[in-house]
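The values are calculated or read from the model by the stated rules, or taken from the named source; none is laboratory data. Quantities reported herein were computed from a predicted structural model and do not represent experimental measurements. No Cβ is skipped: glycine too gets one built from the backbone with ideal geometry, and neighbour counts run over all protein chains shown. For the accessible areas, the whole protein counts, side chains as well, though only heavy atoms, and no ligand, DNA or RNA atoms are used. Shrake-Rupley method; radii C 1.70, N 1.55, O 1.52, S 1.80 Å.
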Amino acid sequence: MGIEVNFEGKIALVTGASSGLGARFAKVLASAGAQVVLASRRTERLKELRAEIEADGGAAHVVTLDVTDYASIKSAIAHAETEAGPIDILVNNSGVSTTQRLVDVTPEDYSFVMDTNLRGAFFVAQEAAKRMIARAKGDPKKQHRIINIASVAGLRVLPQIGVYCMSKAGVVHMTKAMAVEWGKYGINTNAICPGYISTEINEDYFASEQGRRLIEMLPRKRPGKPEDLDGLLLLLAGEDAHFINGAVISADDGMMAQ
């Protein structure tokens, strides 16, 4: 017996796909056979990623999405389904952060983080779920997957990023609420909580003195790589995850075990 990874005929929407984990998630799903819809504000980078995916034999589409704009969310998801077809898998990945003490957080800082990480993530999932629920009512056997990208920072307070931690804690509970309410429609909603992952966005930080000190505090003194999340992503996105709903799974190399 074994788990077969085959996403032929599946449509996957990945938000925040222009760089970092989002770009990796899109490539992995495309390589498994899914048509991927790449969504973010940076459409030029999305077009480059689409070209990479197509060069590797995959299929990808590009939509402009600003998760802080409700009208943009509705428009992007409608465009995605017109362009590619009904969304089977949502990878809800868009995220931002600021670094400062809580006493220094301004209303602008707070809104910047919360509007993307929590409010934006909620309304992206809601808009996708509305369409998923409508399809499930016509076909009760229809299965859908929502994967919210939270963080170990949603499970544990980390220094200097308190508002980010608060936003991701919200994503954790949002995931559970969605799982409870939408599970009866064949929508499995789960969250991945990555630990420290090195991407092009933060690789300079990990090379700095402060970054090296942080690495020394990790259980195995190493940051993760985007590909370290591939297996978990494919599990939660696949048909074999039909009994996994409302799970909040850390992928942190033992960080939460400390």
Problem - Positions within the stretch 69-88 being of a type in the set (A, V, I, L, M) and either without any contact (Cβ under 8 Å) to a residue 12 or more places away in the chain or within 28 Å of S111 (Cα to Cα) (or both), in sequence order - result: A71, I73, A76, I77, A78, A80
Practice task
Tell me, please, whether a residue that is part of a helix (DSSP H, G or I), crowded, with 17+ Cβ neighbours inside 10 Å and touching a residue at least 40 places away in the same chain (Cβ under 8 Å) can be found in the stretch 46-60.
Solution key: no
Practice task
Can you tell me which residue within the stretch 97-132, out of those that are free of Cβ contacts under 8 Å to residues at least 60 places away in the same chain and β-branched (V, I, T), is most open to solvent (accessible area, probe 1.4 Å)?
Solution key: V103
Practice task
Inspect all residues belonging to the stretch 154-168 and state whether any of them is closer than 22 Å to F7 by Cβ and surrounded by 17 or more Cβ atoms within 10 Å (Cβ to Cβ).
Solution key: no
Fill in the blank from the handout: Every listed condition ((1) in a loop (DSSP other than H, G, I, E, B); (2) under 22 Å from the mean Cα position of the chain (by Cα)) holds for M114 save (1)
Exercise for the section: Working only within the stretch 88-133, note down all residues that are in contact with a His (Cβ under 7 Å, 6 or more places away or on another chain) and acidic (D, E). Expected result: D88
Handout entry: Which listed residue is modelled with pLDDT of 95 or more, within 18 Å of the chain's Cα centre (by Cα), surrounded by fewer than 19 Cβ atoms within 10 Å (Cβ to Cβ) and hydrophobic (A, V, I, L, M, F, W, C), from I244, I201
Key = I244
Practice task
Just one of (1) on the phi < 0 side of the Ramachandran plot; (2) modelled with pLDDT of 95 or more trips up G186, so point out which.
Solution key: (1)
Exercise for the section: Would you check which residues across the stretch 215-231 are open to solvent by less than 30 Å² (accessible area, probe 1.4 Å) and at pLDDT below 95 and list them? Expected result: I215, L218, G224
Problem - Selection count where residues are part of a loop (DSSP other than H, G, I, E, B) and open to solvent by less than 70 Å² (accessible area, probe 1.4 Å), scope the stretch 140-150 - result: 3
Practice task
Go through the stretch 173-224 residue by residue and tally those that are outside any helix (DSSP H, G or I), touching a helix residue (DSSP H, G or I) at 6+ places or on another chain (Cβ under 9 Å) and either closer than 23 Å to F25 by Cα or of a type in the set (D, E) (or both).
Solution key: 19
Fill in the blank from the handout: Within the stretch 1-41, the residues that are within 12 Å of A60 (Cβ to Cβ) and open to solvent by 20 Å² or more (accessible area, probe 1.4 Å) are K27, S31, Q35
